[in-house]
Structure formats: C-alpha cells, structure tokens
Number of protein chains: 2
Amino acid sequence: MKCSVCKKPAIIKLRAHNVSFCEKCLQDFVKRRVREAINNFKMITKDDKILVAVSGGKDSLAVWEILHNMGYDVDGFHIDLGIDSYSELSTEKSIEFSKKLDRKLIIADVRDHFDGKNIFEIAKKAGRVTCSVCGLIKRYLMNSSAYKGGYTVLVTGHNLDDESAALFGNLMFWRDNYLASQYPVLPATDPKLIRKVKPLIYLTEREIAAYNIVKGIDYIYDECPFAEGATSIFMKKELNNIEKKSPGMKLKLLKGFFRRHDVFKELSENSNNLETNHYCSVCGFPTMADDKCAYCRLIDKVKG
Amino acid sequence: MKCSVCKKPAIIKLRAHNVSFCEKCLQDFVKRRVREAINNFKMITKDDKILVAVSGGKDSLAVWEILHNMGYDVDGFHIDLGIDSYSELSTEKSIEFSKKLDRKLIIADVRDHFDGKNIFEIAKKAGRVTCSVCGLIKRYLMNSSAYKGGYTVLVTGHNLDDESAALFGNLMFWRDNYLASQYPVLPATDPKLIRKVKPLIYLTEREIAAYNIVKGIDYIYDECPFAEGATSIFMKKELNNIEKKSPGMKLKLLKGFFRRHDVFKELSENSNNLETNHYCSVCGFPTMADDKCAYCRLIDKVKG
C-alpha cells in the first residue's frame, strides 16, 4: 500500500476518503482538516486567548498540540474528577503534556468544590445519573474558569464520531432543542458565557489516534469507567455499521446537517432562551433558572 | 401472559406499546391503528372509489381486507412481473383473495407492455438496476390503471417498517427531495395523477403478519428474489437494533417526522416540481420531462 500523495509506504488507509497516507502525509491531512473546520466556521483567530479542555485523552491532547503548533495562543484546563486510578492517570498525562508544550495547565479538582466528594459521590448524593452531573460540572467549571482567566474561546476535542453519534441520536429521537444548538461554534450570547468551538469535528477517532501515535503523543487509552453501556456508545456502534457499508456517510451526515442548520433552529422554539438570561443569585453566572443556577443548586444538594 | 384488554390468554406481546393481546383484541388494535392513520391524514372517505395495489404479500392483502370490511369501496390492482415461480404464486394469491372478498382484481402483465419481456429482461435491456425499473413501471401502471378505471384513490400497503426505514435512509443521506415528498398522503397535483395513501403506516410487519395469521389470510411469504442485499433491508436491520434498545422509537421517529414535515418541505426547492407538469407526447400522462415521460422512454429502449 502506497501513500496516495507521495507514493512512499503508507501506514493507514482511510476508506471514507479513498486514500492511503504515510506518516508525514497523514499529519498534513489532519492539520488540513482542522484548518478547514476553523475556517468554515470562523472558529478562532491568532488574537484569541484560547483555553482547551484537556482530559489527557487522544482528542484533547491532539487538538492542543495542533493549535499550539499552528501558532495559536492555547492554555489547557483539566478537571480532576477524583475517580481513583482513572483520574490520577488522566491528570498525570495532562500535566506531562502541558510541560512538553511548555503551556499553562489550569487544574480544577471537583473535591475542592464539593466538600471532598468525587464525581461518583456527588451524583449519588444528588440522586442523579453520574454522566449528567459530570456534564453539568464540566460545563460550569470550564466556562467560569475561562471567564475568570480572561480567555476568549473555549476549545473542546469533540471529534466526528462524537458529533455524528450525537446528531444521530438527536435525529432519531427528535430532540429539537439539541438539534437547534448542535453546531461547531456556540457563540457567546452573554459577556459571561465564553464562546465554544470544536476544531476536530471533521476527524474520526481512528484518524486522531493514528495522528497521536505518529506524533508520539502519550495519551490515556482508557475510557471513563462510567461510560460503559452509555447510549452514546450504542449510537456510535450503530453508526459505524452504516459507515462500514457507506464509507464517508458520517462526514456527509454531519456536514449536511450543518448546511441545513437554520431549518433545525426553527424547529426549536426554545433555542433562543439563552438570550434572555437571568443571573445566578449566588455565583452571578448566566442561568435559565429564575434564582440559583443548576450548579449552585447542585452544591447546595451535595453539601446540605 | 394475559391480554392487556380482556385478560384472556394473549398470543402476542407488543413491546413498543407495552401491551399483550389475545386474537380478538389484536384485530381491534390493528383496525384502530388503520382508522387512526386514515383520520389523522384524511386519507379516504366512503365516497371514494379505491384501488389497492396488491402483491399477494401480507401488507397488501391485509389492507385490502381491512378497508373492505370497514365498508370502503375497494378493488385490487396486481402487476405480474413475470419472475418465474415468485410471480406465479404472487398472482395466484392475489386472485384467490379477490375471490374471497368478491371484489374485482385488475391484473397487468409487464410482458404485455414490454414485448414479452419480464422485469429482469426489461432492466437488463435498459441497462438499469432491476428495483429502479420495477418502481418506475409499478408507479406508472398503478396510476394510469387507476385513472382509466375511474378510481379516486390509490392505496399501498407500506407499513411502519418500510416507512421508518425509508425515512432513516433519507435522513442519513440527506435526500431532501425524498424527505419533502415522504408523507402518508400524496395529493393529486394533476387531474391525471391519482391521490396515493398509506393506511398501514402505524403498523409493524410483525403486527400485520400476526393479523393475517389470526384472520386466516393466505399470503405469499417469499420476498421478491431481487430484494436480497437491498439497502432498504440493511436500513431496516439497523433500525431494528435501535428499536430493540428503545421499543417504540420507530413509531416516534415517523410520527415526529410527519409533525415536522413542513420544515422538510422547505429543504427541497424541487419538491413542487410536479405542480408545473408537462404531459408526455406519447401517453399524455404528466411528466417532469420536456417531451416523453420516463415510462415511454423505457418502452422505446426495451423495444428498440
């Protein structure tokens, strides 16, 4: 198998694009895809002060490395969830990589915010599903930390598999509000809400993993222990079956959705709710609730 | 297992509805679902002169029987595709059932229209995929026969599995024109185009098969020999996986789509093409082509 570009021995074949790449040309391909995403959605500029959410996994480390090497100004933000060895390793890989890039890494430990409790204990005390509580905490801490640090953009490492599987579920179950808000750029609708962007949306997990291996990026392989059996993983599997039969369908599904996004915004009457923000009476950040935001109510519940 | 309605021994459990039924209550359920579809989309009235497309399979025989017993005026229309034993049996079952209902069955044999060639030979001569040619011929002969016979509505036996799988494919590959036109009622946009309706859209294959067995309807079990490996069958399988995990999702997917249909009509600029009809210079039926319709061009190709 030869590289479709330079004819040297190829190390990977990408059926969706009907190409094979050597190590060097794979890197060019990955960077091209990231640049395409950034340009298509005007995600970031060299003037932005960027904070990337870093888990220590392949996606977050890759996007940090790529943006850094493209000359963007990017620090990292890591949340220690306190899940035993998984979180320890996750934090360790994040710190190591920040040193390698010689960039600042802000670390938040959920135990510092929730009376010494880890994410599992928080969810249990609140009587809620772990993944839902974890999402709430991550979104809140990411935004508030970026705001306090003076960052202008938040980057997450969501890839094509994540985004197409989420879209797949949102379409299958007609989640209009999610369809309306699923987009590679979430604008800052309030001075205290930081703009969010997803530069890896055009790249699959496999392409990103291969990039990391080729670049010698040392990431954590394990998935979060709570992810097992999650619906999102089931949806990814189903979509992979269709992709196998129709290589390239994931990318077409997602790109086609973005092109039709205006129509899906119409579907959701509530999609503009965030523009009529209230502010939390405790922390002062925007919320759709009348008084306290969901995060501060969670703190009450866990501490009370 | 007891019937959820009358507490007699149940013969079938329907997870999507979280109910079990005895023979009698299953029949009531099936008829209720058909009535619901008819009412929701104002499909037919007792004044309509109805022609149902009959293949001899479970769907077409069931819908014929149900509408007939509800007091509608329904004749049958069958196309003999000339595919050896499959077509022979298919025609035989259709004739038998028309006798049982004591209703007229119009039979068209493709070989009478295409120089003695069966559907496979027609497709080969035209250099086209069999299923695509078959669809074109069926749509043409159904419409023209209904028009010539003075029928006001054409009924087809498309069920929930057919429709949700078609929708699934149309969504996954963003087929805007198909999304715009996929609806349980296709209005007559021209005096020579007969209105088409699908009264079985709320019923699964399994529910319809069970109904036929309970009612002693003798249908052909075999699928068309050309259907094997068809994408529609693959899509049905994928959707069945999701349905298994989330019972009822097929019905919700389809109903949710119908509720949002206006938005999907917007997506397709071409969806109104049929309202600016030309007429075929040979047969006089409406066509989107400038001169001869696709059916008459197919005849030229096969005979020439």
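The values are calculated or read from the model by the stated rules, or taken from the named source; none is laboratory data. Source: prediction; values computed, not measured. With ideal geometry, Cβ positions are generated from the backbone for all residues, glycine too; neighbour counts draw on all protein chains shown.
Observations, loosely collected:
- Selection from region B:166-200 of residues that are of a type in the set (A, V, I, L, M) and assigned to a strand (DSSP E or B): B:Val185, B:Leu186, B:Val197
- Residue in region B:115-124 that is of a type in the set (S, T, N, Q), surrounded by 17 or more Cβ atoms within 10 Å (Cβ to Cβ), within 24 Å of B:Tyr147 (Cβ to Cβ) and touching a Gly at 6+ places or on another chain (Cβ under 8 Å) present: no
- Residues located in region B:1-27, provided they are surrounded by 14 or more Cβ atoms within 10 Å (Cβ to Cβ) and either free of Cβ contacts under 8 Å to residues at least 40 places away in the same chain or among the polar types (S, T, N, Q) (or both): B:Cys3, B:Ser4, B:Val5, B:Ala10, B:Val19, B:Ser20, B:Phe21, B:Cys22, B:Lys24, B:Cys25, B:Gln27
- Checklist (1) hydroxyl-bearing (Ser, Thr, Tyr); (2) under 30 Å from B:Gly248 (Cβ atoms); (3) touching a residue at least 24 places away in the same chain (Cβ under 8 Å) applied to B:Tyr178, failing item: (3)
- Some residue of region B:138-159 being at positive phi and within 14 Å of chain A (Cβ to nearest Cβ): no
- Which listed residue is touching a Gly at 6+ places or on another chain (Cβ under 6 Å) and among the small types (Gly, Ala, Ser), from B:Ser85, B:Ser55, B:Ser20, B:Ser98: B:Ser98
- For A:Thr276: the one exception among (1) away from chain B (no Cβ under 14 Å); (2) modelled with pLDDT of 95 or more: (2)
Matching residues to (1) surrounded by 17 or more Cβ atoms within 10 Å (Cβ to Cβ); (2) away from every other protein chain (no Cβ under 14 Å); (3) charged (D, E, K, R); (4) closer than 17 Å to A:Ile242 by Cβ:
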position: B:Leu167; (1), (2), (3), (4): yes, no, no, yes
position: B:Asp176; (1), (2), (3), (4): yes, no, yes, no
position: B:Ser181; (1), (2), (3), (4): yes, yes, no, no
position: B:Thr189; (1), (2), (3), (4): no, yes, no, no
position: B:Leu193; (1), (2), (3), (4): yes, yes, no, no
position: B:Lys196; (1), (2), (3), (4): yes, yes, yes, no
position: B:Arg206; (1), (2), (3), (4): no, yes, yes, no
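- The combined condition, being β-branched (Val, Ile, Thr), under 21 Å from B:Pro184 (Cβ atoms) and touching a His at 6+ places or on another chain (Cβ under 6 Å), is not fulfilled by B:Val63.
- Meets criteria (under 22 Å from A:Met172 (Cβ atoms), aliphatic (A, V, I, L, M) and part of a loop (DSSP other than H, G, I, E, B)) for B:Leu203: yes
- Checking each residue in region B:65-107 for being in contact (Cβ under 8 Å) with a residue 12 or more places away in the chain and assigned to a loop (DSSP other than H, G, I, E, B) picks out B:Met70, B:Gly71, B:Tyr72, B:Leu81, B:Gly82, B:Ile83, B:Arg103, B:Lys104.
- Of the listed requirements (1) under 23 Å from A:Gly135 (Cβ atoms); (2) surrounded by fewer than 18 Cβ atoms within 10 Å (Cβ to Cβ); (3) small (Gly, Ala, Ser), A:Gly76 misses just one: (2).
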